[in-house]
Ligand SMILES: Cc1cc2nc3c(=O)[nH]c(=O)nc-3n(C[C@H](O)[C@H](O)[C@H](O)COP(=O)(O)OP(=O)(O)OC[C@H]3O[C@@H](n4cnc5c(N)ncnc54)[C@H](O)[C@@H]3O)c2cc1C
């Protein structure tokens, strides 16, 4: 089949990997002029980890990943308020767990197919004619083309979703926060293999030291009027406005933003859709069912969705309708559970009051007790879904 995939993030290249393996002809369409490697670090475990093993990329992910020792919460004066060691997580996952920068993970996946599939950069689908015998696409730059199947893997603000299912506002649920992430070079201090977070009411700044003398910085802030600026200068201004009065190392971090040339700013939202496919068009990853960064595993779930969709296509002998239905039937309840669980974590990331922050720190502290930590982690990290080995 000729398969068009909009979006070369995480879900798109992962689906391209499986479809190429199955012998299909794949075209990736990416709006950015080159492969995007930005974003914060993510924890990688569970089913996503299993799929990475099946893709044969687990060793590469571990190579670019980090073995985190603890999460550390500090106050405005830099003094440690709470620590959480990762031993309960390692025990709950049987050490099938690593921390990796989103961009590094995306790159490892993309490298498996970059020479085998066509990627149209700086382009985007502008119209989509979804007919029983095929889909005709028009593009901003390329000439119109016909495909057997079109997959929207173009993230939270998916264009394929808008074209095939209706505007984002019908499906997006804003969770009250915005996020910004960037990489600083030569930043000090480093605290290797420790997530350091500083909370003040309604806001959080976190940093994580990476190899190559880089430090990833994450900002989360409550915002009643969410706004995603379209140019770098305005993104920096937005972050500076929200954190101007913050203590700890924030003034130094804001000053270092001067030298940053890639600042990711977005809303923290979920996508909830009544259906993930229509005709010959289906959605995967954030485009279909964004769980938000509060779930901590959007990237792993994007891998699971890519694998299951490719697996169900193989099982259905490429009967698109049957495969799309089976993909959704297998995963919908599981993803909805993850979405519901994620919304409970808002106050963990951006507690609204000083009391809320103190409670969060106390909870972090309590998780170090062996029994409490083990029980909580086993529950939090459980994947309640049956994903067969499709032997792709
Ligand atoms: C640069 C970047 C940084 C991120 N940083 C974080 C972070 O710090 N924390 C976090 O929780 N999540 C972050 N995310 C989101 C996270 O990657 C996803 O939640 C998760 O990996 C699911 O992946 P996905 O492939 O569905 O979406 P994404 O990884 O978002 O990939 C979507 C891809 O589609 C492309 N695209 C968008 N619109 C179009 C279009 N019209 N036509 C063609 N291509 C299009 C985008 O450029 C992107 O490459 C980031 C995403 C990006 C792109």
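Which of 227, 66 has the fewest other C-beta atoms within 10 Å, and how do the rest follow up to the most? Before the final figure, lay out each step's value.
Values: 227 10, 66 21.
If I rank by nearby Cβ atoms, fewest first, I get 227, 66.
Against the longest alpha carbon principal axis of the chain, how many degrees, from 0 to 90 and to the nearest 10, is the axis of helix 11-21 turned? Taking the Cα atoms of the chain, the angle to 11-21 is about 40 degrees.
The shape of segment 127-179 comes out prolate: with a ≥ b ≥ c from the C-alpha gyration tensor, a/c is at least 1.5 and a/b beats b/c.
Averaged over residues, the count of other Cβ atoms within 10 Å places the peptides 308-316, 10-18 in the sequence 10-18, 308-316, highest first.
With Cα atoms as the point set, the chain shows a radius of gyration and Dmax of 20.8, 64 Å. Comparing 283, 184, 238 in a Gaussian network model of the chain, where Cα atoms under 10 Å apart are tied by springs, the biggest mean-square fluctuation is seen for 238.
Taking 8 Å as the Cα distance limit and 6 or more residues as the minimum spacing, I'd like the relative contact order of segment 176-264 as a percentage.
Averaging sequence separation for qualifying contacts and normalising by length gives 35 percent for segment 176-264.
For the pair residue 114 and residue 258, label points projected 7 Å from Cα toward Cβ lie 3.3 nm apart. With the simple spin-label model, which puts each label point 7 Å out from Cα in the Cβ direction, the residue 139 to residue 224 separation comes to 4.5 nm. Cβ-Cβ distance of residue 59 and residue 272, R₀ of 41 Å, FRET efficiency by 1/(1 + (r/R0)^6): the value works out to about 0.70.
For 224, 328, 305, the sequence from fewest to most other C-beta atoms within 10 Å is 224, 328, 305.
Based on the reciprocal of the average 1/r between different C-alpha atoms, the Kirkwood radius for segment 176-264 equals 13.3 Å.
Relative contact order of the chain: 22 percent, from C-alpha pairs under 8 Å at least 6 residues apart in sequence. If you wrap segment 272-354 in the convex hull of its Cα atoms and look at it from every side, the mean projected area works out to 5.4 nm².
Mind checking the alpha-carbon convex hull of segment 103-241 and giving the volume per residue in Å³? Could you put the intermediate results ahead of the total?
Details: hull volume 23.8 nm³, N = 139.
Expressed per residue, the convex hull around the Cα atoms of segment 103-241 is 171 Å³.
Compared with the dominant principal axis of the Cα atoms in the chain, helix 354-366 is inclined by about 80°. Across segment 297-367, the relative contact order, built from alpha-carbon pairs under 8 Å that are at least six residues apart, equals 17 percent.
List 278, 3 from most exposed to least, where exposure is judged by having the fewest other Cβ atoms within 10 Å.
Numbers: 278 12, 3 22.
By the 10 Å Cβ count, ascending: 278, 3.
Against the main long axis of the alpha-carbon atoms of the chain, helix 46-55 sits at an angle near 50°.
At 222 nm, what value in deg cm²/dmol follows for the chain if DSSP H runs of at least 4 each add -39500 (n - 2.57) and the sum is divided by all its residues, to the nearest 500? Walk me through the intermediate numbers first.
Values: 14 runs with 145 residues, N = 392.
Calculated at 222 nm, the ellipticity per residue is -11000 deg cm²/dmol.
If the chain between residue 333 and residue 174 were fully stretched, how many nm would it gain, using 0.36 nm times the residue separation less the Cα-Cα distance?
Stretched out fully, the residue 333 to residue 174 stretch lengthens by 55.2 nm.
The order of the peptides 269-277, 360-368, 44-52 by mean Cβ neighbours within 10 Å, most packed first, is 44-52, 269-277, 360-368.
We did not get these values from a lab; they are worked out from the coordinates using the rules stated. The structure displayed is predicted, hence computed values, not measured ones. Glycine also receives a Cβ, built like all others from the backbone with ideal geometry; neighbour counts cover every protein chain displayed.
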